[in-house]
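**Q** Quick one: this structure, given as structure tokens, is what I'll be asking you about.
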Amino acid sequence: MKALVYEGPRNVKIKNVPDAKMEKPTDALVKITTTNICGSDLHMYEGRTNVEKGKILGHENLGEVIEVGKSVYRVKVGDLVCLPFNVSCGYCENCERGYTSACLEVNPGKAGGAYGYAGMGPYEGGQAEFLRVPFADFNCLVLPEEAEEKQNDYVMLADIWPTGYHATELAGVMPGESVVIYGAGPVGLFAAYSAIIKGASQVMVVDRLQDRLALARKIGATPIDDSESSPVDQVLELTDGKGADTGCECVGYQAHDVKGHEHPNMTLNNLVSSVRPTGRLGVVGVFPPEDPKSPDSLEKEGQIAFDIGNFFDKGLTMGSGQCNVKKYNRRLSKLIETGKAKPSFLVSHELGLDEAEDAYKHFDARENGWTKVVLKPAAAAKCERSRKAAAR
Ligand code: NAD
Ligand code: ZN
């Protein structure tokens, strides 16, 4: 099969590799019809992880089930499914409590697995023609019939929308509250979208990339351009000097100033200064336990100079970590199905798998107009069986 393979920093290639295949009776095999490039893939692309050469990337996957193991009962051949980026078992202590991002079964010695990602287990990614899906009955979200025509909406349920939503959950965003979001990448824009759906009264999104700020405005948020003046001052001005009720970090360890110099503590400290005393923070931007290639000496050890004094003095609360996609994807799916949400608003490029190498270059450069890339490894074949998702 064809797949996008990591070969080294800023070097990914479309290659012919052995077909993905069934390994266990609980697996399903999925023909990938839509798969996204994620901001998280760029950490690997830029050589800022320990991902091994030869890994197939891609953790935001949607496709058609073409084979199921003999222990798969719910999911059927012909189903169109969206796969959470987390690979999880469904029966370990953490999955049982809903924390599928910290599954204890799928990545021995660590908590949590994912497709095509550094340090997240042996699972290959879905920027390929086929994908092996472990624990298929637990992991597959079976999509309704209309999803065939709306794959660019439903594929956002694999990661990026639930992750933005997770940021607002960690921050405990309530109807009527104000929210400040650092980062207008896909995650930040989906945090804004989620906060608006939850009924936040004011949603402010900080970035400096004009196309992304324009999208923030389009969905009803207030864009804040930090290349014009201090984003903290702008938030305070918009909130009568009080600061926002809640805040979301959607940038992570590669946060940088407008000149491009990295400061891994920049967004977290700006957030602490941008929310009011007793405010709540949700941190979903990635901060790895070590980052040897960082220009910052603390960050090499996975540490940052955090404004703990300001944080404590204000009595802030902070939640962080990977999204437990399964906690939210079914409910968010209903918002698409009922026409209450259209997450494909983010998609700027719909390309074939063959165009993925080039797409990585543009998306990595955060080129104007490259807000989200969806790849189409295979045309969706009309399914033979009916897709009665509601029943399953
Ligand atoms: P992205 O790189 O496309 O977007 C990041 C945005 O942050 C860019 O638009 C950039 O201009 C902006 N930015 C950089 N420095 C900034 C600063 N100092 N102030 C304000 N904005 C700044 O990435 P994305 O896809 O939106 O992902 C964002 C982060 O979320 C990444 O770290 C990604 O790995 C992480 N992520 C986490 C999870 C999870 O489960 N927790 C899931 C998916 C992605
Ligand atoms: Zn992702």
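The values are calculated or read from the model by the stated rules, or taken from the named source; none is laboratory data. Keep in mind it's a predicted model, so treat the numbers as computed, not measured. Positions of Cβ are backbone-derived with ideal geometry, glycine not excepted, and every protein chain shown enters the neighbour counts.
**Q** Take the residues in segment 177-197 that are within 17 Å of P343 (Cβ to Cβ) and touching a Ser or Thr at 6+ places or on another chain (Cβ under 6 Å), then tell me which one is nearest to ligand 2 (Cβ to nearest atom).
**A** Per the criteria, the residue is V187.
**Q** Count, please, the residues in segment 291-334 that happen to be over 30 Å from E262 (Cα atoms) and crowded, with 16+ Cβ neighbours inside 10 Å.
**A** 6
**Q** With the structure loaded, tell me whether L42 is hydrophobic (A, V, I, L, M, F, W, C), within 16 Å of ligand 1 (Cβ to nearest atom) and farther than 20 Å from L141 by Cβ or whether it fails that test.
**A** yes
**Q** Among the numbered conditions (1) crowded, with 24+ Cβ neighbours inside 10 Å; (2) over 15 Å from the mean Cα position of the chain (by Cα); (3) not acidic (D, E), tell me where T35 comes up short.
**A** Unmet condition: (2).
**Q** Among what's in segment 142-184 and is hydrophobic (A, V, I, L, M, F, W, C) and touching a Pro at 6+ places or on another chain (Cβ under 9 Å), pick the residue that is nearest to V258 (Cα to Cα).
**A** A184
**Q** Could I ask something else about it? Check segment 254-261 and report whether any residue there is within 16 Å of ligand 2 (Cβ to nearest atom), closer than 29 Å to Y328 by Cβ and either outside any loop (DSSP other than H, G, I, E, B) or touching a Gly at 6+ places or on another chain (Cβ under 9 Å) (or both).
**A** yes
Let's see how each residue does on (1) aliphatic (A, V, I, L, M); (2) at pLDDT 95 or above:
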| site | (1), (2) |
| --- | --- |
| K31 | no, yes |
| N36 | no, yes |
| M44 | yes, yes |
| R48 | no, no |
| K55 | no, yes |
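**Q** State which residue is nearest to Y328 (Cα to Cα) when the search covers only segment 100-113 and only residues that are at pLDDT 95 or above and either loosely packed, with under 15 Cβ neighbours inside 10 Å or touching an Asp or Glu at 6+ places or on another chain (Cβ under 9 Å) (or both).
**A** Taking the candidates together, the pick is G113.
**Q** Please identify the pairs in which a residue from segment 259-283 that is among the basic types (K, R) has its Cβ atom under 7 Å from the Cβ atom of a residue that is part of a strand (DSSP E or B), counting only partners at least 6 apart or on another chain.
**A** R276/A244; R276/D245; R280/T246; R280/T317
**Q** If you don't mind, another one. Just for helices (runs of 4 or more DSSP H) wholly inside segment 164-249: which have at least 1 residues that are closer than 20 Å to G321 by Cβ?
**A** 186-197
Conditions (1) away from ligand 2 (no atom under 16 Å from the Cβ); (2) aromatic (F, W, Y), marked per residue:
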| position | (1), (2) |
| --- | --- |
| A128 | no, no |
| E148 | yes, no |
| W161 | no, yes |
| Y165 | no, yes |
| P175 | yes, no |
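**Q** Okay, next question. Which condition does L157 not pass, out of (1) hydrophobic (A, V, I, L, M, F, W, C); (2) away from ligand 1 (no atom under 16 Å from the Cβ); (3) touching a strand residue (DSSP E or B) at 6+ places or on another chain (Cβ under 8 Å), if it passes all the others?
**A** The single condition L157 does not satisfy is (2).
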